[in-house]
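We did not get these values from a lab; they are worked out from the coordinates using the rules stated. None of the values given here were measured: they were computed from a predicted structure. So basically every Cβ, Gly included, is an ideal-geometry build from the backbone, and we count neighbours across all protein chains shown.
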Amino acid sequence: MAQNNRMQYLATCAVSIATMTTSTAAFWSAPILPKFHNNETSISLTSNEISWVVAIMAPGMVTGSLVPSFVSDKFGRRVTLLTSAFPFIVGTVFVLCATEAWSLYIGRFLWGIGFGMITTVSSVYLSEIANKEIRGTLTAITRFMSSFGALLVLGIGSYVTYQVLSYFMIVLPICYFLACWRIPESPYYLLKEGKVDSARKALLRLSGSKNDKMVEEKLSLMRSDVRREMLRSSSVKELLTGKQYRKAVIMSAGLRFTQMFAGTLPIQQYIGRIIQQSNSGFQVSTALVIFGIVRFIVGIISPVIVDKMGRRPLLIYSYLGSFVMLTSVGIYFFFQKIVGIQEESSNPFRYIVFIGIVSSIVISGIGYDTLIFIIPSEIFPMNVRSVASTTLNVFTALLSFVAVKGYQPLEDWTGLYGVFWFYASMALSGAVFSHFFVLETKGKSLREIQIELQGNIYDDSDEDSKKVTTDDVKENTELKELT
């Protein structure tokens, strides 16, 4: 890594421990549910109670996504990251001490709050501290660590007790709290608050440069951008109705919608059952471990690829690749039901389901599953960035609830082949959507992206911002007065 990017990578590593914590919380249920069913814990739960334990994180994610809209803009990105550790710690205490279902509900709900806070603020923070040349790589690193967290839970969860896995869940938030204690605040946020001296110091740390002139030039550009963007409203209403944000909103919402209904999350939740129904001969525990390893490897590859290829072509090709894989899995289940393929020993195509699902995971992990988090952090201007991140997280949580809860009714109605063909059709829709509506952001500064998205509207706001001159605003108070 380049020496002047060292602090940016260190800050990303600290944030990555937080994103790793979210994935361990999300995948905790995969190895734990069999323990509940096999009475390997001291907690006795009905099937209905178990389903609520799994589902209760989604409402928590909605709540957690709303918190940063206040905390992040009031106290800063760093403070929000630090605060998010407490719901995980307190939630894990409830999980560890649980003797009844309600304690698990509270614990998982609190995990959802921490999950929502981290996913909302981490992408905003990284987009604001990163140089444009490595911005995609830094965000993709957090996705890699998320995959690593999933691997740990899936790999060890089946072989340790409920208590041991839960203790592991309390260590991670403590680790990322300590790691994030030393990271610098976002210079953009500090400028928004009028703390120019603090922003200068943060920028010096992040750039690792001793060239004061270069730092001052970059700071001047940042001040100009923040001044322009803070002249505008930052409400949800402004985000959804403002003409200047329309393209960014359509891009982000469309990508989240097609990604979620292309089956990424439902397949992850139901992969064990799908493997059982495929008669492939794989043990569920083995499939879970391989699944975790594949996600981990993809996490290593994606940071390398995401800044080598453009965002738009990678989106298109990954959606098309998933379309092919998901279609092939659907075809297998169609022939299984119509022709009656049942015996695994005599079925020469019995590995199609496993290979198709794993290939889809690889393709989507390198492509759209990573890029749907990178692109929104790049295309929204400063004044609505936190609001946009919060709104997208709430939107995603609602979509995830519908997608996961809708899996079983869809299977009952159409069979597994209908489920996978539906996912394939959504993947194809994602490719079409990316071709016609997604802007290429690779190698562009946040300013250049806004100029391309907003066109004349951005130019008009630039003229408005010129009315606010440096002489009119005093150092350390100028931007604060504008808000």
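Tilt of helix 212-229 relative to the longest C-alpha principal axis of the chain, in degrees (0 to 90, nearest 10)?
It is inclined by approximately 80 degrees.
³J(HN,Hα) across the range 172-178 via Karplus (A = 6.51, B = -1.76, C = 1.60, θ = phi - 60°), whole Hz, x for Gly/Pro?
4, x, 5, 4, 6, 4, 5
Just list whichever of Lys213/Lys243; Lys218/Lys442; Lys213/Lys247; Lys74/Lys237; Lys192/Lys308; Lys308/Lys405 have alpha carbons separated by over 28 Å in the model shown. Numbers along the way, then the final one.
On the way: Lys213/Lys243 37 Å; Lys218/Lys442 20 Å; Lys213/Lys247 36 Å; Lys74/Lys237 19 Å; Lys192/Lys308 32 Å; Lys308/Lys405 37 Å.
Lys213/Lys243; Lys213/Lys247; Lys192/Lys308; Lys308/Lys405, as the Cα separations exceed 28 Å there.
Using the Cα centre of the chain as the reference point, and only Cβ charges (+1 on K/R, -1 on D/E), how large is the resulting charge dipole? Debye, rounded to the nearest 20. Walk me through the numbers before you get to the answer.
Numbers: 43 positive and 35 negative charges, 103 e Å.
Magnitude of the dipole: close to 500 debye.
Work out the length of the dipole vector of the range 247-444 about its Cα centre, built from +1 on the beta-carbon of each Lys and Arg and -1 on the beta-carbon of each Asp and Glu, and round it to the nearest 20 debye. Numbers along the way, then the final one.
Numbers: 13 positive and 8 negative charges, 105 e Å.
Once rounded to the nearest 20, the dipole reads 500 debye.
Quick one: dipole size for the range 1-183, taken about the Cα centre, charges +1 on Lys/Arg Cβ and -1 on Asp/Glu Cβ, in debye to the nearest 20. Mind dumping the intermediate values first?
Details: 10 positive and 6 negative charges, 114 e Å.
Rounded to the nearest 20 debye, it is 540 debye.
No solvent, one uniform scatterer per C-alpha: report log10 I(q)/I(0) for the chain via the Debye equation at q = 0.07 1/Å, two decimals.
Here log10 of I(q) over I(0) equals -0.38.
Direction-averaged shadow area of the convex hull around the Cα atoms of the range 247-444, nm²?
Numbers: hull surface 45.0 nm².
That works out to 11.2 nm², a quarter of the Cα hull's surface.
Charges on Cβ only, +1 for Lys and Arg, -1 for Asp and Glu, centred on the Cα centroid of the range 247-444; of Ser322, Thr264, Ile366, which one is farthest towards the dipole's positive end?
Most positive-ward Cα: Ile366.
Can you run the Rg to Rh ratio on the range 121-261? Use alpha carbon positions and the Kirkwood inverse-distance Rh. Could the numbers behind the result be given before it?
Numbers: Rg = 19.7 Å, Rh = 18.6 Å.
Radius of gyration relative to Kirkwood radius: 1.06.
Give me the angle, in degrees from 0 to 90, between the Cα long axis of helix 196-207 and the longest principal axis of the Cα atoms of the chain, rounded to the nearest 10.
Roughly 50 degrees, rounded to the nearest 10.
What is the angle, in °, between the Cα long axis of helix 352-366 and the longest principal axis of the Cα atoms in the chain? Nearest 10 is fine, range 0 to 90.
That works out to roughly 10 degrees.
Would you calculate a helix-derived [θ] at 222 nm for the chain, using -39,500 (n - 2.57) for each DSSP H run of n ≥ 4 and dividing by the full residue count, to the nearest 500? Don't skip to the answer; put the middle values down first.
Values: 25 runs with 378 residues, N = 483.
After summing the helix terms and dividing by residue count, I get -25500 deg cm²/dmol.
Could you sort 263-269, 95-101 so that the peptide with the highest average Cβ count within 10 Å comes first and the rest follow in order?
Numbers: 263-269: 21.3, 95-101: 15.9.
Final packing ranking: 263-269, 95-101.
Mind jotting down the three principal axis lengths of the range 356-408 based on Cα atoms? Whole angstrom, largest first.
Computed over the Cα atoms, the extents are 42, 26, 8 Å.
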